[in-house]
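A.B. asks: Structure incoming, see below.
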Amino acid sequence: MNIDKKIADDLVANDVSFVTTVPCKQLAGVIAEIDQRDDIFHIPANKEDEGMGLCAGAWMGGKRPAIIMQNTAIGVTVNTLATLIQYYRMPLPMLISYRGELREPVACQVEMAVHTKAILAQMNIPTYHFHKRADVEEFDNILKYTFMCNKPVAILTDANFWGGYGDQ
Amino acid sequence: MIRSEILKEIAPILRDQLVVCNIGIPSQELHAIDDQPTNFYMLGTMGLASSIGLGLALAQPKPVIVIDGDGSILTNLGTLPTIANNVADNYILLIIDNGSYGSTGDQPTYAGRKTSLAKMAQAAGCDRVIECAAADTGRVLQEALDAKQMTIIVSKCKSGNAKMPVITMDPVVIRDRFMKAVSA
Ligand SMILES: Cc1ncc(C[n+]2csc(CCOP(=O)(O)OP(=O)(O)O)c2C)c(N)n1
Ligand SMILES: [Mg+2]
């Protein structure tokens with residue numbers, strides 16, 4: 001199974017047609033996949049909070065949005081999650097690369113990894129952690145759940161899920 | 001002219017359009033001058049008005065006018081290249097450049113000193129950028145609507161705020177009536 005394709009297929013099947021991204025090496029494949037889909041409008045953002053603003057607008061305009069980002073950015077999005085996405089009650093699936101977990105080669109990435117789940121928990125954001133390839137089977141249900149409850153929902157995807165990192 | 005005088009003057013143009021309005025006193029002023037279901041008031045999240053408006057303009061065909069501030073553009077400068085590279089001809093970004101953080105007591109911004117937001121928008125790649133005096137805002141805004149071309153307007157005005165009540169409407173009510181107006 002190609003997980004990049006499966007994720008893009010699930011987005012399309014759930015009518016998600018507006019996707020913003022800030023890259024991570026682990027996300028390169030899924031971003032490339034989304035970029036070449038005709039049924040998804042891909043709009044790269046310069047910062048993750050900016051991307052969430054784009055998503056909020058797209059949703060009010062009738063399109064289902066999603067953001068693809070790295071967990072190191074979770075801190076810069078706290079205010080936007082609290083005062084825009086949650087305050088106005090908007091759905092936002094967040095596909096997040098979970099850097100700094102098992103099989104991580106870059107020590108600095110661990111420094112935000114240790115805060116990632118704590119911040120998400122503090123904000124009462126439903127959070128799923130994909131560690132094995134088969135975990136991607138839940139993605140479709142997570143998308144349905146997100147647009148059912150109109151909340152931001154985090155899907156943390158670690159290096160083991162993506163099949164390792166770089167040369168490892 | 002100060003921001004509230006510009007808003008009073010352009011209110012008849014704004015009335016029938018989708019408007020995304022900047023956090024703080026700008027939203028309070030617009031709400032007090034002419035509250036409409038087609039107005040989306042930001043109650044927080046400084047900096048994201050231009051991004052919300054762009055997402056909205058890209059997602060549906062009606063014209064979208066964003067009323068932003070110089071301080072908010074400066075805090076989300078990455079928005080200018082994103083706007084420039086994702087052209088939506090139903091998008092108008094009106095930056096009310098009073099050279100200050102008006103809502104928090106008129107502390108000066110760099111836009112009121114050496115920095116030109118119009119030049120920054122041009123350098124970011126925005127094709128239609130118009131800087132105007134406060135008194136010309138209505139004419140320039142109407143021309144932008146008629147042009148049906150993505151436009152960035154930088155309206156240079158004086159610092160100062162009108163005394164208006166805080167918006168007490170629930171955010172979900174603001175958002176729900178706005179979405180109904182969008183899809184009407
Ligand atoms: C993250 C964040 N920092 C600071 C503030 C405080 N704040 C609210 S409005 C504002 C000024 C915005 O200035 P500008 O965009 O130029 O609008 P103006 O009021 O001048 O029209 C500031 C600093 C805030 N709400 N959020
Ligand atoms: Mg200002």
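A.B. asks: Determine the calculated [θ] at 222 nm for the protein assembly as shown from helices alone, applying -39500 (n - 2.57) to every DSSP H run no shorter than 4 residues and normalising by the residue count; nearest 500 deg cm²/dmol.
C.D. replies: Value at 222 nm, helices only, nearest 500: -11500 deg cm²/dmol.
A.B. asks: As I understand it, the dipole of the protein assembly as shown uses +1 on the Cβ of Lys and Arg and -1 on the Cβ of Asp and Glu, about the Cα centre. Which of B:Ala123, A:Ile67, B:Ile10 lies farthest toward its positive end?
C.D. replies: B:Ile10
A.B. asks: For region B:3-183, compute the number of Lys pairs whose alpha carbons are separated by less than 19 Å, excluding pairs fewer than 8 positions apart on the same chain.
C.D. replies: 8
A.B. asks: Using a Cα-Cα cut-off of under 19 Å, which aspartates and glutamates could be cross-linked to A:Lys6, ignoring same-chain neighbours fewer than 8 residues away?
C.D. replies: Cα-Cα hits under 19 Å: A:Asp15, A:Glu33, A:Asp35, A:Asp38, A:Asp39, A:Asp135, A:Glu137, A:Glu138, A:Asp140, A:Asp158.
A.B. asks: Could you grab the relative contact order for region B:1-151? Cα pairs under 8 Å, six or more apart, rounded to a whole percent. Please list the in-between numbers first.
C.D. replies: Details: 254 pairs, mean separation 35.6, N = 151.
Reported relative contact order: 24 percent.
A.B. asks: Something else: Output needed for region A:1-87: three equivalent-ellipsoid semi-axes, defined as square roots of 5 times the C-alpha gyration tensor eigenvalues, in descending order, whole Å. The partial results should precede the final answer.
C.D. replies: Numbers: eigenvalues 89, 51, 20 Å².
Gyration-tensor ellipsoid for region A:1-87: 21, 16, 10 Å.
A.B. asks: Okay, moving on. Would you list, by chain and number, the lysines whose Cα falls below 18 Å from the Cα of A:Lys47, excluding same-chain residues fewer than 8 positions away?
C.D. replies: A:Lys25
A.B. asks: Can you give the % of DSSP beta bridges in the protein assembly as shown that are antiparallel, to the nearest 5? Mind dumping the intermediate values first?
C.D. replies: On the way: 2 of 51 bridges.
Taking every DSSP beta bridge within the protein assembly as shown, about 5 percent pair in antiparallel fashion.
A.B. asks: Using the Cα atoms of the protein assembly as shown to build a convex hull, what is its mean projected area in square nanometres?
C.D. replies: Approximately 17.4 nm², given one-decimal rounding.
A.B. asks: Could you check what % of the DSSP bridge pairs in region A:3-162 are antiparallel, to the nearest 5? Display every interim value, and only then the final one.
C.D. replies: Values: 0 of 24 bridges.
Looking only at bridges with both residues in region A:3-162, the antiparallel portion is about 0 percent.
A.B. asks: Using the Cα centre of region B:136-182 as origin and beta-carbon charges of +1 (Lys, Arg) and -1 (Asp, Glu), tell me which of B:Val154, B:Met169, B:Val140 is placed farthest towards the positive end of the dipole.
C.D. replies: Result: B:Met169, furthest along the dipole toward the positive end.
A.B. asks: Once the Cα gyration tensor of region A:3-162 is diagonalised, what are the square roots of 5 times its eigenvalues, in whole Å and ordered largest first, as equivalent ellipsoid semi-axes? Please list the in-between numbers first.
C.D. replies: On the way: eigenvalues 91, 69, 42 Å².
Equivalent ellipsoid of region A:3-162: 21, 19, 14 Å, largest first.
A.B. asks: Roughly how many debye, to the nearest 20, is the charge dipole of chain A about its Cα centre, given +1 on each Lys and Arg Cβ, -1 on each Asp and Glu Cβ, and no other charges?
C.D. replies: Numbers: 15 positive and 20 negative charges, 72 e Å.
Dipole size: approximately 340 debye.
A.B. asks: Which percent, to the nearest 5, of DSSP beta bridges fully inside region B:3-183 are antiparallel? Spell out each step's value before the answer.
C.D. replies: On the way: 2 of 26 bridges.
Around 10 percent antiparallel, to the nearest 5.
A.B. asks: With only alpha-carbon pairs counted, each pair once and no self-pairs, how large is the Kirkwood hydrodynamic radius of chain B in angstroms?
C.D. replies: Values: mean 1/r = 0.0626 Å⁻¹.
Computed over Cα pairs of chain B, the Kirkwood hydrodynamic radius comes out at 16.0 Å.
A.B. asks: Right, another one. Please report, in debye to the nearest 20, how large the charge dipole of region B:94-184 is about its Cα centre when each Lys and Arg carries +1 at its beta carbon and each Asp and Glu carries -1 there. Please report the intermediate quantities before stating the final value.
C.D. replies: Working: 12 positive and 9 negative charges, 24 e Å.
Charge dipole of region B:94-184: 120 debye, to the nearest 20.
A.B. asks: Now for a different question. Find the relative contact order for chain A and round it to a whole percent, using C-alpha pairs within less than 8 Å whose residues are 6+ positions apart.
C.D. replies: Numbers: 298 pairs, mean separation 39.9, N = 168.
Computed over chain A, the figure is 24 percent.
Just so you know, all these numbers are worked out from the coordinates, no wet-lab data involved. None of the values given here were measured: they were computed from a predicted structure. Methodologically, a virtual Cβ is constructed for each residue, glycine included, from the backbone with ideal geometry; neighbour enumeration extends over all protein chains shown.
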